[in-house]
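Shown next, in structure tokens, is the structure this report addresses.
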Amino acid sequence: MAVATIRDLRTQFPKLKALVVKDGEVIVTDRGKPAFVLRPYASPKKVSVKSVDYFARLKRHQPRPLSSAKARALDEANRGER
């Protein structure tokens, strides 16, 4: 594993870039202490999102629809003496 300083990053970046490609990782030091790690970028893996059928879910949780006769009877019962 290669080691470089922050000054090397500013002055010799093409050489450090080649080291990253060759070694896979370069440790960058700040005043003699390891501070950063340079490594090639790896794109994040795509996470498949399961699509949800909201209408099917709603139908599962809803009661069965009323027949037209029962709906009329309920409507008449709710109307009261008008």
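Read-outs: derived from the displayed coordinates by stated rules, not from any lab. Bear in mind that the values here come from a model prediction, so they are computed numbers and not experimental data. No Cβ is skipped: glycine too gets one built from the backbone with ideal geometry, and neighbour counts run over all protein chains shown.
Remarks
- Restricting region 7-36 to trypsin sites (Lys or Arg not before Pro) in coil, as DSSP defines it, with at most 14 other Cβ within 10 Å: R31
- Counting only lysines at least 8 places from K22 when in the same chain, those with an alpha carbon closer than 25 Å to its own are K33, K45.
- At 0.692 mPa s and 37 °C, Stokes diffusion of region 6-45 via Kirkwood alpha-carbon radius, µm² per second: 304
- Chymotrypsin sites (Phe, Trp or Tyr not before Pro) within the chain, DSSP loop, no more than 16 other Cβ atoms inside 10 Å: Y41
- Here is the list for the chain: GluC sites (Glu not before Pro) lying in DSSP coil, each with at most 16 other C-beta atoms within 10 angstrom of its C-beta, are E25, E81.
- Extent along the principal axes, Cα only, for the chain: 92, 25, 18 Å, with the longest axis given first.
- Summing charges over neighbours of A2, with a neighbour being any other residue whose Cβ is under 12 Å away from its Cβ, gives +1 when K and R count +1 and D and E count -1.
- Count Lys and Arg as plus one, Asp and Glu as minus one, and take only other residues whose Cβ is under 13 Å from that of D53; the net charge is then +4.
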